[in-house]
């Protein structure tokens, strides 16, 4: 029996998005076009960072919603490592036979440093804590061609270690993993998560901002620390995240 099964939960097109009601999200953002764009971003960016991990003994669950299931089911991701999950993995977890599961959460448009899963592995094996998170991240505005440091007041980049008694019980799994992260201590190393800012971000639809506007660029650069400008500098910064130079666009509509 496997003592610990490492899993990455990658959120794509689920029925409920943090901070956005189902109705509001459906009206303002969620569409077939939005879903296709997010899947392309996941394939070209997020998935590359996950397949680039120095420790790779983990499963990748891509959580998809039912409304545009035909789109997500028919999209070729080019890798058999990804397991497309529906209904929050209710049945999938019943088939796992490990003493514990270690579940790391990421959105379908963010990146992990190549050593992220190795750091998680060391924490899980050396510490009996049940939850830990990453708050000091970096952000990459793919529209405006700059990067900066970013501190999350509440981090969704959270790892839970759950025993079989919890992960086999779907009600407990929902309570502990899908919602219980706000008090997670920050133990993961800083700058091992990169948030991508692009036109299909949920955040922009919620707060009504356009991340491609010049006004947004000025506002962001005035309040962020350690600004990185220029394509060559960004290429170098993203190398540990597994993103090749060809996938780093010039400033534009992405």
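The values are calculated or read from the model by the stated rules, or taken from the named source; none is laboratory data. Note that the structure is predicted; figures quoted are calculated from it, not measured. A quick note on method: Cβ atoms are made from the backbone with ideal geometry, for glycine too, and the neighbour counts reach across all protein chains shown.
Against the conditions (1) over 19 Å from residue 220 (Cα atoms); (2) outside any strand (DSSP E or B), residue 159 satisfies every one except (2). Number of residues in segment 41-68 that are in a helix (DSSP H, G or I) and surrounded by fewer than 20 Cβ atoms within 10 Å (Cβ to Cβ): the value is 4. Candidates 173, 162, 187, 238: the one that is modelled with pLDDT of 85 or more and closer than 23 Å to residue 136 by Cβ is 238. Checked against (1) part of a strand (DSSP E or B); (2) in contact (Cβ under 8 Å) with a residue 60 or more places away in the chain; (3) under 24 Å from residue 134 (Cβ atoms), residue 99 passes all but condition (3).
Residues that are crowded, with 23+ Cβ neighbours inside 10 Å and free of Cβ contacts under 8 Å to residues at least 60 places away in the same chain within segment 133-156 comprise 133, 134, listed in sequence order.
For segment 221-235, filtering for residues that are touching a strand residue (DSSP E or B) at 6+ places or on another chain (Cβ under 7 Å) and surrounded by fewer than 10 Cβ atoms within 10 Å (Cβ to Cβ) leaves 1.
Of the residues contained in segment 108-130, none is found to be at pLDDT 90 or above, part of a strand (DSSP E or B) and surrounded by fewer than 15 Cβ atoms within 10 Å (Cβ to Cβ).
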